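Working notes for the structure below.
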Amino acid sequence: MSIDPEIVAILNVTEDSFSDGGRYLSADAATAHAYALIRAGADILEIGPASSHPDAEPVPAQDQISRLRPVLESLAGEAIPISIDATNIEVLRFAVDQGVQYLNDVRGFPDTSFHPELAEASASLVVVHSLLGEERAARESATVERVLESIDRFFSTRLDELVRAGISEDRLIVDPGMGFFLGTNPDASIAVLRGIEGLQRRFGRPVFVSVSRKSFLREITGRSVDESGAATLAAELYAAAEGAAYIRTHDPGALRDALRIQNALA
């Protein structure tokens, strides 16, 4: 059977993202990289205007919007769906007004006051679990059991809240979190990857996975961020084989090629 997840390419228009902070902060650099990601084989382009790693600095909403606006304007004529990775309601509201196809909130859309606006929108929602539910990941020590219980409890509650607010269930996508979103124990991310099929079956929603260059891969291999491409690709292929519907990656070309080979061999 063919394995064909949606490839979500990462475009960070940030100063301090852990892997590429500052590289695409200017509108020209961001736009050029966006087109490179599209050519490489991205199905969806996800733009992040503020970093969520543990040491990231907060970015005011208007600064985030100023980073997003010129890139969105440059891509307005392109057919590729756009996702915005943000937590601030002002930024999410701006993204809705721009007509983007996906919203990705690492806090899982906790603001009930915003739920009616989300219900009126059409974008699909990537509902992300994190151990502490904050705007940024954290270096929290946690057992695998605690992480798995947190994921089950979170989605059981949050998905029900969103549906009761009038958001169609078919717009919801679940992301269990990876790396520091699950704490400092790399075994937690491994356990969650192994449980993708069960997560999809438990909640009946597509699963979104973001392992690219994450801390748990570097912890296991001892490699740096710049050396983590092979580990990333191995984890992404495993996630695809386990049934992940969306895979978020820095390198869509490598993942696209690897999936083609995997499908040819199958």
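The values are calculated or read from the model by the stated rules, or taken from the named source; none is laboratory data. Note that the structure is predicted; figures quoted are calculated from it, not measured. Note that we place each Cβ from the backbone using ideal geometry, even for glycine, and neighbour counts take in every protein chain shown.
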Self-check item: Conditions (1) part of a loop (DSSP other than H, G, I, E, B); (2) β-branched (Val, Ile, Thr); (3) touching a Ser or Thr at 6+ places or on another chain (Cβ under 9 Å); (4) more than 30 Å from Ser26 (Cβ to Cβ): number failed by Val100
Solution: (4)
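Give me the residue from segment 104-130 that is touching a Gly at 6+ places or on another chain (Cβ under 6 Å) and in contact (Cβ under 8 Å) with a residue 40 or more places away in the chain and, out of that set, farthest from Glu46 (Cα to Cα). Outline the logic, then answer.
So in segment 104-130, the residues touching a Gly at 6+ places or on another chain (Cβ under 6 Å) come out as 107, 119, 127-130.
Now narrow it down to the ones that are in contact (Cβ under 8 Å) with a residue 40 or more places away in the chain: 119, 127-130.
Values: Ala119: 21, Val127: 14, Val128: 14, His129: 18, Ser130: 19 Å.
Looking at residues that are touching a Gly at 6+ places or on another chain (Cβ under 6 Å) and in contact (Cβ under 8 Å) with a residue 40 or more places away in the chain, I get Ala119.
Just to check your reading of the model, which residue among Arg256, Arg260, Arg202, Arg164 is surrounded by fewer than 18 Cβ atoms within 10 Å (Cβ to Cβ), touching a Gly at 6+ places or on another chain (Cβ under 6 Å) and either of a type in the set (D, E, K, R) or more than 28 Å from His33 (Cα to Cα) (or both)? Outline the logic, then answer.
Numbers: Arg260 fails: touching a Gly at 6+ places or on another chain (Cβ under 6 Å); Arg202 fails: touching a Gly at 6+ places or on another chain (Cβ under 6 Å); Arg164 fails: touching a Gly at 6+ places or on another chain (Cβ under 6 Å).
Result: Arg256 is the single residue among Arg256, Arg260, Arg202, Arg164 that is surrounded by fewer than 18 Cβ atoms within 10 Å (Cβ to Cβ), touching a Gly at 6+ places or on another chain (Cβ under 6 Å) and either of a type in the set (D, E, K, R) or more than 28 Å from His33 (Cα to Cα) (or both).
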Quiz item: Quick check: anything in segment 80-92 in contact with a Lys or Arg (Cβ under 8 Å, 6 or more places away or on another chain) and not small (Gly, Ala, Ser)?
Solution: yes
Self-check item: Qualifying residue in segment 46-63 (condition: of a type outside the set (Gly, Ala, Ser), surrounded by fewer than 16 Cβ atoms within 10 Å (Cβ to Cβ) and in contact with a Pro (Cβ under 7 Å, 6 or more places away or on another chain))
Solution: no
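Matching residues to (1) loosely packed, with under 15 Cβ neighbours inside 10 Å; (2) modelled with pLDDT of 90 or more; (3) assigned to a helix (DSSP H, G or I); (4) not β-branched (Val, Ile, Thr):
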position	(1), (2), (3), (4)
Ile7	no, yes, no, no
Leu11	no, yes, no, yes
Leu25	no, no, no, yes
Ile38	no, yes, yes, no
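Ala119: surrounded by 16 or more Cβ atoms within 10 Å (Cβ to Cβ) and either at pLDDT 95 or above or within 19 Å of the chain's Cα centre (by Cα) (or both), yes or no? It would help to see each step written out before you state the result.
On the way: surrounded by 16 or more Cβ atoms within 10 Å (Cβ to Cβ): no; either at pLDDT 95 or above or within 19 Å of the chain's Cα centre (by Cα) (or both): yes.
So Ala119 does not fit the description; no.
Just wondering, is there one or more residues in segment 69-85 that are under 25 Å from Gly177 (Cβ atoms), of a type in the set (D, E, K, R) and modelled with pLDDT under 95? Outline the logic, then answer.
Within segment 69-85, the subset under 25 Å from Gly177 (Cβ atoms) is 81-85.
Right, trim to of a type in the set (D, E, K, R) and you get 85.
With modelled with pLDDT under 95 added as a condition, the list becomes none.
Scanning segment 69-85 turns up no residue that is under 25 Å from Gly177 (Cβ atoms), of a type in the set (D, E, K, R) and modelled with pLDDT under 95.
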Quiz item: From the list Phe180, Phe155, which one is more than 19 Å from Ala240 (Cα to Cα), under 18 Å from the mean Cα position of the chain (by Cα), among the aromatic types (Phe, Trp, Tyr) and at pLDDT 95 or above?
Solution: Phe155
Quiz item: Looking only at segment 145-184, which residues are in a loop (DSSP other than H, G, I, E, B) and more than 23 Å from Glu120 (Cβ to Cβ)?
Solution: Pro176, Gly177, Met178, Gly183, Thr184
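Examine segment 85-99 for a residue that is of a type outside the set (S, T, N, Q) and under 18 Å from Arg23 (Cα atoms), and state whether such a residue exists.
We begin by selecting, within segment 85-99, every residue of a type outside the set (S, T, N, Q); these are 85-86, 89-97, 99.
If we keep only those that are under 18 Å from Arg23 (Cα atoms) too, we end up with 85.
Yes, that holds for at least one residue.
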Exercise. Quick one: in segment 90-116, of everything that is surrounded by fewer than 16 Cβ atoms within 10 Å (Cβ to Cβ) and either within 19 Å of the chain's Cα centre (by Cα) or among the charged types (D, E, K, R) (or both), which residue is nearest to Ile38 (Cα to Cα)?
Key: Gln101
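Report whether or not Pro58 is of a type outside the set (Val, Ile, Thr) and in a loop (DSSP other than H, G, I, E, B). So that I can check it myself, show each step before the final result.
On the way: of a type outside the set (Val, Ile, Thr): yes; in a loop (DSSP other than H, G, I, E, B): yes.
Yes; evaluated as a whole, the condition is true for this residue.
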Quiz item: Is at least one residue of segment 179-188 in contact with a helix residue (DSSP H, G or I) (Cβ under 8 Å, 6 or more places away or on another chain) and touching a residue at least 60 places away in the same chain (Cβ under 8 Å)?
Solution: yes
Exercise. Check segment 13-31 and report whether any residue there is within 29 Å of Leu237 (Cβ to Cβ), out of contact with any strand residue (DSSP E or B) (no Cβ under 9 Å at 6 or more places or on another chain) and of a type in the set (S, T, N, Q).
Key: no
